[in-house]
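Beneath this line is the structure, given in structure tokens, with notes to follow.
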Amino acid sequence: MMPDSAAMPVAPLLSVERLTVEYPVAGRILSAVSDVSLSVGRGETLGLVGESGCGKSTLGRAVLQLRRPTAGKVMFDGTELTALGGEALRLMRRRLQLIFQDPIASLNPRRPIGDIVAEPLIIIGITDRAERERRVRDVLTAVGLDPDLVWRRLPHEFSGGQCQRVCIARALILEPELVICDEPVSALDVSIRAQILNLLEEMKRRYGLTLLFIAHDLAVVKAVSDRIAVMYLGRLCEIGPTEQVFGSPAHPYTALLLEAIPLPDPTIVPATNVAVGEPPSPLDPPSGCRFRTRCPRADALCAEKIPILRPTADGQLVACHHPLTEG
Amino acid sequence: MTSPLLSLEAVSVELPTPRGMLRAVDKVDLNLMPGRTLGIVGESGCGKTMLSRAILQLLPKRAQLSGRVTFDGRDLATLSAEVLRRLRGPELAVVFQDPMTSLNPVLTIGTQLVETLQAHLGMGGATAIRRSVELLAAVGIPAPEQRLRQYPHQLSGGMRQRVAIAIALSCEPKLLVADEPTTALDVTVQAQILDLLAREQKRRHMSMILITHDLGVVAGRTDEVAVMYAGRVVERAPTSRLFGHMRMPYTEALLAAIPKLESPPHTPLPAIAGRPPDPTRPLPGCSFAPRCRYADEQCRQAKPPLVDPDRCGGLYACWHPLAPQAAAMGI
């Protein structure tokens, strides 16, 4: 396994080892995730960022075995999920939950909210109706919904923010240990986004959750994450403590992402022409370092050799031949 | 002093819904001078897109428009469909959020560009093709000759948006309306598209309206900003004044709710409680009052007008505006 940064003091709850996920696309192989290793400590939030198509959602789904990886291992609390199947995997999944981007699309439009949130309890075989009702009421109250008001209503009667609260309630009702949040606030307005981010933080404390928080918005990820992992075209570029990665990014791609964020302050003149070009097709990734075609520091070595993840002096891990932290 | 290129006077847009009339835009007044950029900021449902449709005269058929939209001295509502058609392109152009739906999927990029140039500018085939290549190069598309033969689905989202911008700019419009032009794009591509729009706006001395939900997008790239809430403009000021001396509590709350890069992780966000009012059930007072921490009885009973009592170029609609000093300290 890859040496992990010193900043992760607790034993990992989740560890992903040399994970590769490939899809067949029109007779070719698309490598959505290539040889990625990372771990998430118990009680920690790991933010996973990158542009669309970088493989961050695929990685999240591969952790849950919703998409079986082509190679590599996923270890959860000492159990190898990649080796499990059938009933054993189904039982294990109670401890891992997922929250999606589009809260309205993730709820069955024809079922009342009370039934939607109670469904996982029925699946795990809690037959006592009163017990189910008590637990649904508890979790709905925890996410800031009034159980009496929402119980019999249908998803379309609610706004996007409220539907996301329902999705969070459904994810939490089995009291999972790990929750994978895949762009949970991208579809929400600014004012509602802040409510949901605060709620996720509160739920994390209350239920002692470990979060894998996937998003493309760096400011959003920074607000909730203890550590940050940056992906580009299926590979991990950089991973490290949040303040470290934002304060002195080691990978040129991380720096580019940070420079591109539009800041709500007119006194800062937007940097121009920093972000050259767009990611190449993942069906035909560049040789060596996949970022080299857009990188201002790229040279012949970058085209030849795939950079491996190695520690920097400041405590993050970086996969770059010429990291910014080395002048 | 020059006269405004675009002026809106008491523009309202109403849409019939099963729940009653929905007032999407509520008596909006705006002026835009030639060569200036106006940002319109607001959350979904605040009426910013309906307002842009009113300017472009592209409202849904059922929508009822009242008030007056004057463009370059002409009242747009009085123009015939044919006159409007000729106006769009050389005078008024638009870039929408989703380039996949604004481009025709069964025509090549070249056909769509050449067609526009021929229809509006009466160019001959060879000239139009030459001009199309120049336009694609100007918006930063590599190998423009080959791109002309491609279809929209063969291009990335960012490239498609560049093509949509090239088409919008092809007839040298006086006003470009960009409605969430970068919302569907990745952050690095967003920065490039915003730079491109800013560069072309300056170079052509074109007026531009940039509609977005992101205060970050308007901050560095507009001359003036109008903040909308529940169909109304609630604050309007030159961009630096708006960010430095905001007076309307909604603007302050909206800015505060954005996670800040400089804040350490796990900093609780000052979220705005509740959500916007139901647009089919207008409130008698200030629409933001139910969510506003400064609201009192007056706010719930009477709608504050959009005014500039300090005569300093910043308008706001609020009975209890933030003190200028406190607002200045808030940044």
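Residues in segment B:228-246 include none that are out of contact with any Asp or Glu (no Cβ under 9 Å at 6 or more places or on another chain), more than 9 Å from every other protein chain (Cβ to nearest Cβ) and under 28 Å from B:P90 (Cβ atoms).
Only one entry of A:S248, A:S225, A:S281 meets the criterion of being among the polar types (S, T, N, Q) and at pLDDT 95 or above, and that entry is A:S225. Scanning segment A:245-272 for residues being touching an Asp or Glu at 6+ places or on another chain (Cβ under 9 Å), crowded, with 21+ Cβ neighbours inside 10 Å and more than 10 Å from chain B (Cβ to nearest Cβ) gives a total of 5. Against the numbered list (1) small (G, A, S); (2) on the phi > 0 side of the Ramachandran plot; (3) not in a loop (DSSP other than H, G, I, E, B), A:G53 comes up short only at (3).
Each residue in segment B:4-30 was checked for being modelled with pLDDT under 95, among the polar types (S, T, N, Q) and touching a strand residue (DSSP E or B) at 6+ places or on another chain (Cβ under 9 Å), and 0 pass.
Those strands (runs of 3 or more DSSP E) of segment B:185-245 in which at least 3 residues are not aliphatic (A, V, I, L, M), considering only elements entirely within it, cover B:232-238. Just one of (1) surrounded by 15 or more Cβ atoms within 10 Å (Cβ to Cβ); (2) assigned to a helix (DSSP H, G or I) fails for A:E87. It is (1). Checking each residue in segment A:196-224 for being within 12 Å of chain B (Cβ to nearest Cβ) and under 24 Å from A:A260 (Cα atoms) picks out A:L197, A:F213, A:A215, A:H216, A:D217, A:L218, A:A219, A:V220, A:V221, A:K222, A:A223, A:V224. Evaluating B:R281 against the criteria (1) more than 7 Å from chain A (Cβ to nearest Cβ); (2) touching a helix residue (DSSP H, G or I) at 6+ places or on another chain (Cβ under 9 Å) leaves one unmet condition, (2). Regarding A:I104, is this residue over 18 Å from A:E175 (Cα atoms), crowded, with 20+ Cβ neighbours inside 10 Å and either in contact (Cβ under 8 Å) with a residue 24 or more places away in the chain or not aliphatic (A, V, I, L, M) (or both)? Answer is no for this residue.
Mind checking whether some residue in segment A:19-28 is of a type outside the set (D, E, K, R) and crowded, with 24+ Cβ neighbours inside 10 Å? The answer is yes; a qualifying residue exists.
Applying the set (1) at pLDDT 90 or above; (2) within 9 Å of chain A (Cβ to nearest Cβ) to B:V187 leaves exactly one unmet item: (1).
With a requirement of 3 or more residues that are on the phi < 0 side of the Ramachandran plot, among the β-branched types (V, I, T) and touching a residue at least 12 places away in the same chain (Cβ under 8 Å), the strands (runs of 3 or more DSSP E) lying completely within segment B:1-99 that satisfy it span B:6-17, B:37-41. With respect to being crowded, with 24+ Cβ neighbours inside 10 Å and either within 8 Å of another protein chain (Cβ to nearest Cβ) or touching a residue at least 40 places away in the same chain (Cβ under 8 Å) (or both), B:E180 falls outside the description. Looking only at segment B:111-164, residues that are closer than 24 Å to B:Q192 by Cα, β-branched (V, I, T) and not in a loop (DSSP other than H, G, I, E, B) come to 2 in all. May I ask you to verify whether B:T212 is in contact with a Leu (Cβ under 9 Å, 6 or more places away or on another chain) and within 12 Å of chain A (Cβ to nearest Cβ)? For B:T212, the condition - in contact with a Leu (Cβ under 9 Å, 6 or more places away or on another chain) and within 12 Å of chain A (Cβ to nearest Cβ) - is not met.
Pairs meeting the criteria (first residue in segment B:262-278 and more than 7 Å from chain A (Cβ to nearest Cβ) and surrounded by 14 or more Cβ atoms within 10 Å (Cβ to Cβ), second residue assigned to a loop (DSSP other than H, G, I, E, B) and among the polar types (S, T, N, Q), beta carbons under 7 Å, at least 6 apart or on different chains) are B:P277/B:S287.
The values are calculated or read from the model by the stated rules, or taken from the named source; none is laboratory data. Keep in mind that this is a model prediction, so the values were computed, not measured. Positions of Cβ are generated from backbone atoms using ideal geometry, with glycine treated the same way; all protein chains shown enter the neighbour counts.
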